[in-house]
Every structure is written in structure tokens, then in C-alpha cells.
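Enquirer: Quick one: structure below, then a few questions.
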Amino acid sequence: MTDSGAGTAGRRAPGELENEVLAALWAVGGPATAGVVQKRVAGDPAYTTVLTILSRLYEKGLVTRERAGRGYLYSPVRDEAGHAAAGMRALLDKGGDRAAVLARFVSELATEDEEILEQLLRGHQEG
Amino acid sequence: MRVALFTPLAVSAVLAIATPWAGGRLPPRLAAWLLTLASLVAAVGTAIALGMMAFTLIAQIPAIAAEGEWSPGLVAAHTPVIWPVAVVCALALAGCLGSLVSSAWRQGTMWLAARRESRALPTDSDMTVVDDPVPHAFALPGSPGRIVVSSGMLRALSAEERSALLAHERAHLRHRHHLFLLVLCLAAALNPMLRPVARAGSFAVERWADEEAGTLVGDRPLVARAVARAALAAKQAPRHSLAATGGPVPQRVRALLAPPPPFRRDLVVAHALLMVICCSSLALSANDMDRLFDTASPGHLHAAQWRHDHHER
């Protein structure tokens, strides 16, 4: 796992790793240290790499940080009012065929598909 | 002539029946190209054929005949299309063009609105995170294009699965998949017979991004897990809202867990044959139309005859 993971990290462009670090910070949910973020980035990037990227994200104004002991606790910059999130979701809600040019990651699931998917996931993990 | 005029319609029907089956049996990248090309040729071909048939009647309107300097009576006498068929063609063409315009308008306004919403979010790179517990993610075309993903989606996936999701969306942006989707959607608006082709085409585009993500992260089953996990998370969200553009998720997961489909020469040849039939029948019809209006234009004929004689002398 570690070997193939390191290979993945090596092949990523700098901007891509930056996205993955930001995505990992968002996935944590609350303020997090660089060490916590590092564990949540695929492909085992070096601690110093994650730290460098976090300071770059801070300089760009995409994350905030507060001192905690010897290091920092990082948090993603949120849209406090939630206007953009609400606007974007309202847009996707009325989407349907209108949003054909916006390639969505996943489409709506029928209830029977839900079971099929869980079976596929289980079956693959066992096999 | 009549057969040639109706060939694009027949080709559209064959595509509508064959592509849902054939699309999934080709490598996704090839399938996306072939289906997009096919729907473009079939939609434009059908519109031209309808236009030519409608014009045999429109050309008999005295004002238009005077403008074109042909005889309405001669057009009526020699037209290969009976007038009720021409009327139906004219109405169908008007309906198709109306649906094309409204579909293009909808896609355009949707895209502009999505750009506007994403500009309001803090970003510096090609990824924008929306602070929204409902899991969603999509590729927003533009220059530069941008990945829009909700914090709910990022939280639902593991680190490796997030990597696969980002690779999938980057593949959409890198290969300008929105142009494929736009052509497929507009072709289906122009010719509703091509709706199954548009569905098969968008599915091929999704599969293309899945396969490219699988290559990038070096693990196809991982992409399958990411797709399945994302779909299940979106389903469980209290207000799930997902467009039907991603293509059926179980088929994508199954395809990623199976070996990648091999190249199929027979399907590519069948596709090429259909395209050649569609285009050559249009050329044939255009030639017939040209002859019809030559016949119906005594003035032109005499002038041509005169020039001919003049040269001989």
C-alpha cells in the first residue's frame, strides 16, 4: 500500500497535491494540525511537504490558522453566510437535463441500485 | 430520390436502437468520440433532409419563386415530395429548430449561473469547495475549468477515494468533456430520435473519465469504490439532488471491476459505414434538388443553352 501510494504522490503535479491537501482539510471538518491532515492525504506525502502546502494555502487565503503549542491548527476558509453553497445547490436542484454540460460525478440512484452497489462493493472486498 | 431523402432519418433510427448496446462494448474514449460524431452527423443530416423536403413546397410560394426565378408550376410538377409530406417536414423542422434554440439557451444560462456561483467562493486553484453537507461534485467548464466539490462529498470518501474523485473530474476538464456533452445534448434536442444516443454518449464520457482516473491512481477497483461510495452517500443525504447526466452508477462500477473492453473493429466499421451512407445520401439528395430547380427554371436553362451555343460558335 505504502509503496504504490508513494508512487501516486510522486506522479501528481504540485497543484494537484495542493487540491488534495485542501480536500483533506475539508474532510477533517474542524481545525486540524498538519500531522492530522498528512494522514488524510492519499499516497503518504512527506510531513514537510504537507506543511509547505498548508502555508502556501494560508498565504493564498484559502485556509486560516491559529497557534496551538509549537505548531498551528489549520481550518478551511468558509463562506460563513452559506450564500454560495445555497446558490450552487439550488442551481443543481433544478439541474436535470439543463445541467448536461456540468458533468456530475454520480447520478441519482434508484433504490434497487442501492442494494446492487452495496453487493458489488461487498463482493469485491471479499474477493 | 425519396429513399435518399429519408436516409438520415433511417440512420438516426438505427443509431437509436444500436448505440445503447454498442456504446458499452467499446473502449470508453473511442465510444465517446464515435457516438458524439454520429449524433452530430445524424442530427445535422436529418435537419438538412427535412429542410430540402420542406423547401420543395416553400419554393412554390409565388414571392419566393419570383426571387429564385423558377416557375412554381414546374416545381410542383416535378417535385418528388408530395405536399402533405412537405408540410409535415416543414412543421417538424420548425419544431426541431425551436427545441435546439431553447436547449442551447438552457445550457448557456445554467453554465453562466454556475460560473457566477463559483466565483463567490474562495479559490485560487482549479478546485472550489462548497461548504455543503449534501455530497455533490462536478466539473465546471471554462478557461480555466474548475472542479466544484461539496465538503459533504469530501467527508464521505476516504483519502484514496478523494484522490480518485479529483482525478475523474480533472479528466473531464483536461479532455474538454463538456464539448462532447454539449454536442450530444444539442443533437438530441434537434433530433429527438437521438436521445438514446445522447444517453449512451454521456455514459461513455463518464466511463472515459473513470478509466482515466483508474490509470492515474493506478487502481481501477478504487475508482469503482469511490463512485459507489459517492452515489450511496448522495442517496442517504436528506436533500439529495443529482442530475441524470452521470449515467447509471451500477453499470460504471461493474465496468470498472471487469477488465477494460477491447477495441472492436466490427463496430468501428459499422459506424463508419453508417456515416458514409448518411453523408452520401445527403449529397445525392442535394444533387437531385439542384436538378429539380434547374428543370423548373426555364430562364436559367435558356441562358445555359445560349452560353453553350455561344461557346460552340
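Enquirer: Please give the number of the condition A:Ala42 fails out of (1) out of contact with any Ser or Thr (no Cβ under 7 Å at 6 or more places or on another chain); (2) without any contact (Cβ under 8 Å) to a residue 40 or more places away in the chain.
Expert: That leaves (1) as the condition not met.
Enquirer: Hey, any hits in the range B:103-111 for a residue that's of a type in the set (Val, Ile, Thr) and crowded, with 20+ Cβ neighbours inside 10 Å? Quick ask: steps written out before the conclusion?
Expert: Initial filter on the range B:103-111 (of a type in the set (Val, Ile, Thr)): B:109.
With crowded, with 20+ Cβ neighbours inside 10 Å added as a condition, the list becomes none.
No, the range B:103-111 contains no residue that is of a type in the set (Val, Ile, Thr) and crowded, with 20+ Cβ neighbours inside 10 Å.
Enquirer: Looking at (1) facing chain A (nearest Cβ under 10 Å); (2) within 25 Å of B:Pro28 (Cα to Cα); (3) surrounded by 20 or more Cβ atoms within 10 Å (Cβ to Cβ); (4) at pLDDT 90 or above, which one does B:Leu154 not meet, given that it meets all the others?
Expert: (2)
Enquirer: Oh, and also: For the range B:30-39, does any single residue satisfy the condition of being open to solvent by 30 Å² or more (accessible area, probe 1.4 Å) and in contact with a helix residue (DSSP H, G or I) (Cβ under 6 Å, 6 or more places away or on another chain)?
Expert: Residues of the range B:30-39 open to solvent by 30 Å² or more (accessible area, probe 1.4 Å): B:30, B:33, B:37.
Still in the list and also in contact with a helix residue (DSSP H, G or I) (Cβ under 6 Å, 6 or more places away or on another chain): none.
Checked against the condition, which is being open to solvent by 30 Å² or more (accessible area, probe 1.4 Å) and in contact with a helix residue (DSSP H, G or I) (Cβ under 6 Å, 6 or more places away or on another chain), the range B:30-39 yields no hits at all.
Enquirer: Checking the conditions here, which among B:Val183, B:Val227, B:Val197, B:Val205 is more than 9 Å from chain A (Cβ to nearest Cβ) and open to solvent by less than 20 Å² (accessible area, probe 1.4 Å)?
Expert: Working: B:Val183 fails: open to solvent by less than 20 Å² (accessible area, probe 1.4 Å); B:Val227 fails: more than 9 Å from chain A (Cβ to nearest Cβ); B:Val205 fails: more than 9 Å from chain A (Cβ to nearest Cβ).
Step by step, each of B:Val183, B:Val227, B:Val197, B:Val205 is checked, and only B:Val197 is more than 9 Å from chain A (Cβ to nearest Cβ) and open to solvent by less than 20 Å² (accessible area, probe 1.4 Å).
Enquirer: Continuing with this model, one more query. Consider A:Trp26 against the criteria (1) modelled with pLDDT of 80 or more; (2) within 7 Å of chain B (Cβ to nearest Cβ); (3) outside any helix (DSSP H, G or I); (4) closer than 30 Å to B:His175 by Cβ: it satisfies all of them except one. Which criterion is unmet?
Expert: Only one criterion in (1) modelled with pLDDT of 80 or more; (2) within 7 Å of chain B (Cβ to nearest Cβ); (3) outside any helix (DSSP H, G or I); (4) closer than 30 Å to B:His175 by Cβ is unmet by A:Trp26, namely (3).
Enquirer: Between A:Val63, A:Val21, A:Val36, which is open to solvent by less than 10 Å² (accessible area, probe 1.4 Å), among the aliphatic types (A, V, I, L, M) and more than 10 Å from every other protein chain (Cβ to nearest Cβ)? Steps first, please.
Expert: Numbers: A:Val63 fails: more than 10 Å from every other protein chain (Cβ to nearest Cβ); A:Val36 fails: open to solvent by less than 10 Å² (accessible area, probe 1.4 Å).
Within the list A:Val63, A:Val21, A:Val36, the selection yields A:Val21.
Enquirer: Another question, if that's okay. Being open to solvent by less than 70 Å² (accessible area, probe 1.4 Å) and not polar (S, T, N, Q): is that true of A:Gly82 here? Walk me through it before giving the result.
Expert: Values: open to solvent by less than 70 Å² (accessible area, probe 1.4 Å): yes; not polar (S, T, N, Q): yes.
In short, yes.
Enquirer: Within the range B:157-172, track down each residue that is within 9 Å of another protein chain (Cβ to nearest Cβ) and of a type in the set (A, V, I, L, M).
Expert: The answer is B:Leu157, B:Ala159, B:Ala164, B:Leu165, B:Leu166, B:Ala167.
Enquirer: Which of (1) in a loop (DSSP other than H, G, I, E, B); (2) touching a helix residue (DSSP H, G or I) at 6+ places or on another chain (Cβ under 7 Å); (3) surrounded by fewer than 22 Cβ atoms within 10 Å (Cβ to Cβ) does B:Pro135 not meet, given it meets every other one?
Expert: (3)
Enquirer: For B:Leu5, all conditions in the list (1) touching a Leu at 6+ places or on another chain (Cβ under 7 Å); (2) within 16 Å of B:Val88 (Cβ to Cβ); (3) buried (at least 21 other Cβ atoms within 10 Å of the Cβ) hold save one; what is the number of the exception?
Expert: B:Leu5 satisfies all of (1) touching a Leu at 6+ places or on another chain (Cβ under 7 Å); (2) within 16 Å of B:Val88 (Cβ to Cβ); (3) buried (at least 21 other Cβ atoms within 10 Å of the Cβ) except (1).
Enquirer: Still on this model: Looking only at residues in the range A:1-15 that are more than 7 Å from chain B (Cβ to nearest Cβ) and crowded, with 16+ Cβ neighbours inside 10 Å, which one is modelled with the lowest pLDDT?
Expert: A:Gly5
The values are calculated or read from the model by the stated rules, or taken from the named source; none is laboratory data. Just so it is clear, the structure is predicted and the values come from calculations on it, not from any experiment. We place every Cβ from the backbone using ideal geometry, glycine too, and count neighbours over all the protein chains shown. Accessible surface areas use protein heavy atoms only, side chains included; no ligands, DNA or RNA. Shrake-Rupley method; radii C 1.70, N 1.55, O 1.52, S 1.80 Å.
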